[in-house]
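Trainee: Shown below is the structure under consideration.
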Amino acid sequence: MSFPASRLRRLRRSEAWRRAVRETGLSPADLVYPLFIVEGDDVRNPVASMPGVEQLSVGQASREAAEVYELGIPAVIVFGVPDDEQKDAEGRAGYDPGGLVPRAISAIRAEAPDLLVWADVCLCEYTSHGHCGVLGPGGEILNDETLDLLAMVALTYARAGADAVAPSDMMDGRVVAIREILDDNRLSHVPIVAYAAKYASAYYGPFRDAAHSTPAFGDRRGYQMDPGNSEEALREVELDIQEGADIVMVKPAGPYLDIIQRVKETFKMPTAAYQVSGEYALIKAAAEKGWVDEERLMMESVLGIKRAGADLVLTYFAKDVARALREGSENSV
Ligand code: PBG
Ligand code: ZN
């Protein structure tokens with residue numbers, strides 16, 4: 001039956017109707033908030049390219065975590081940003097049990113016991129050259145030599161009490177390497193959130209400011225995915241699932257909604273998507289110029305990621321989205 005019997009506008013006439021028939025909504029429970037941890041006492045360093053985001057010392061991070069939990073957000077993901085003198089070619093500071101991330105995990109645990117603390121596992125924050133793995137003689141990133149180091153980092157974070165470890169390096173075989181070391185150390189209950197389809201993206205620019213992890217030479221295209229590929233994303237995700245991933249992630253999110261949808265439909269796994277630093281910075285910058293409505297764009301961008309199939313969205317907007325929902329803002333969905 002078509003027009004005039006069918007009039008789709010009937011159910012759009014009021015907010016009450018729109019709300020009643022809306023297929024996808026947002027809840028604070030869908031969100032994960034990233035935290036950047038630095039050395040020092042009472043440090044809150046604004047990140048210039050990410051207005052509203054700060055690098056936090058351990059104590060400040062635990063206060064922030066308590067606020068995040070209060071807003072109904074179930075999880076944070078922590079990134080260590082060590083001082084330059086802690087960095088070396090192998091990223092050894094990454095598996096120091098007294099390092100930044102283990103200290104942050106315990107401090108957050110003490111302040112917000114029921115908040116899930118995910119720990120990003122990579123070497124780039126800890127290596128002097130800024131790559132996600134160890135360097136070979138010709139400057140290439142060695143895969144299998146990197147796996148042992150990543151496994152050590154994951155073990156260190158899990159021992160410190162991380163609720164999940166999240167490898168973001170894109171080396172082949174890292175999920176099984178991490179699964180094995182955790183299982184061998186009575187940590188078989190600790191889930192792995194795998195950055196499974198992570199693209200070599202220009203959208204990571206502001207993050208590299210925040211995490212001081214810009215590669216000193218070259219780029220990450222030899223290990224992160226080529227933006228033109230989607231069949232390969234399914235192979236990446238399938239392998240990570242076979243290797244023991246509990247949650248699979250697509251990253252970035254907004255420019256890769258097709259990947260999120262295919263991953264969710266194909267594997268029906270708990271699926272996360274990372275609305276990355278550049279996606280955040282673009283919205284912030286356009287809003288600062290008065291060119292877009294920041295809150296509406298924020299809600300629409302996160303909703304789109306969820307509608308594509310993400311169960312969880314990692315986003316720098318997490319607190320703002322949760323606040324807008326709590327306050328029943330007119331942009332709440
Ligand atoms: C590092 C890592 C990156 C991000 C998360 N983990 C950056 C990169 O690969 O260069 C990006 C997050 C963001 O841009 O918000 N392995
Ligand atoms: Zn990395």
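The values are calculated or read from the model by the stated rules, or taken from the named source; none is laboratory data. Since this is a predicted model, take the numbers as computed values, not measurements. Reconstructed Cβ throughout: ideal geometry from the backbone, glycine too, with neighbour counts over all protein chains shown. Areas reflect the complete protein model, heavy atoms only, side chains present, ligands, DNA and RNA absent. Shrake-Rupley method; radii C 1.70, N 1.55, O 1.52, S 1.80 Å.
Trainee: Between 0 and 90 degrees, rounded to the nearest ten: what's the tilt of helix 257-267 against the longest Cα principal axis of the chain?
Mentor: 80
Trainee: List every residue whose amide H lies under 5 Å from the amide H of residue 121, counting only residues 5 or more places away in sequence or on a different chain, with H placed 1.01 Å from N in the peptide plane.
Mentor: Distant-sequence amide H within range of residue 121: 166, 168.
Trainee: Taking θ as phi - 60°, what are the ³J(HN,Hα) couplings along the range 156-171 by the Karplus curve (6.51, -1.76, 1.60), each to the nearest whole Hz, with x for Gly and Pro?
Mentor: So the J values, rounded to whole Hz, are 4, 5, 5, 5, 6, x, 4, 7, 7, 10, 10, x, 10, 7, 6, 6.
Trainee: Then there is this: Does anyone have the angle between helix 58-70 and the longest principal axis of the chain? Alpha-carbon axes, 0 to 90°, nearest 10?
Mentor: 30
Trainee: Tabulate in residue order the Karplus-calculated ³J(HN,Hα) for the range 281-286, using 6.51 cos²θ - 1.76 cosθ + 1.60 with θ = phi - 60°, rounded to whole Hz; enter x for Gly and Pro.
Mentor: Rounded to whole hertz, the list is 4, 4, 5, 4, 5, 5.
Trainee: Stretch residue 83-residue 268 to full length: gain in nm at 0.36 nm per residue minus the Cα-Cα span?
Mentor: Once the chain is fully extended between residue 83 and residue 268, it gains 62.6 nm.
Trainee: So what's the gap between the Cα centers of the range 241-301 and the range 156-170, to the nearest angstrom?
Mentor: The range 241-301 and the range 156-170 have Cα centres spaced 21 Å from each other.
Trainee: Counting only protein chains, not ligands or nucleic acids, how are 17, 291, 118 ordered by accessible area (probe 1.4 Å), most first?
Mentor: So the residues, ranked largest to smallest area, are 291, 17, 118.
Trainee: Between beta-carbons, use under 11 Å as the cut-off and find the net charge around residue 211, counting Lys and Arg +1, Asp and Glu -1.
Mentor: -2
Trainee: What is the spin-label model distance, in nm, from residue 200 to residue 307 if the labels are put 7 Å beyond Cα along the C-beta direction?
Mentor: With each label placed 7 Å out from Cα toward Cβ, I get 3.3 nm.
Trainee: Here's a follow-up. Could you tell me the convex hull volume per residue, in Å³, taken over the Cα atoms of the range 76-207?
Mentor: Normalising the Cα hull of the range 76-207 by residue number yields 114 Å³.
Trainee: Mind jotting down the three principal axis lengths of the chain based on Cα atoms? Whole angstrom, largest first.
Mentor: 71, 45, 41
Trainee: Go through the range 313-323 residue by residue and turn each phi into a ³J(HN,Hα) via Karplus (6.51, -1.76, 1.60, θ = phi - 60°); whole Hz please, and just put x for glycine and proline.
Mentor: Ordered by residue, 3J(HN,Hα) equals 10, 7, 8, 5, 8, 3, 5, 5, 5, 4, 5 Hz.
Trainee: Also, quick follow-up: Based on DSSP, what percent of beta bridges with both residues in the range 25-327 are antiparallel, to the nearest 5?
Mentor: Here the share of antiparallel DSSP bridges comes out near 15 percent.
Trainee: How large is the dipole of the chain about the Cα centre if only Lys and Arg carry +1 and Asp and Glu carry -1, each at its Cβ, rounded to the nearest 20 debye?
Mentor: 1880
Trainee: May I ask you to derive the relative contact order of the range 25-327, considering only C-alpha pairs under 8 Å and at least 6 residues apart, and to give it as an integer percent?
Mentor: 19
Trainee: Same structure again: Expressed as an acute angle from 0 to 90° and rounded to the nearest 10, what is the orientation of the C-alpha long axis of helix 174-184 relative to the principal long axis of the chain?
Mentor: Value to nearest ten degrees: 70.
Trainee: For 15, 39, give me the order by solvent-accessible area with a 1.4 Å probe, most accessible first, ignoring ligands, DNA and RNA.
Mentor: Result, largest first: 15, 39.
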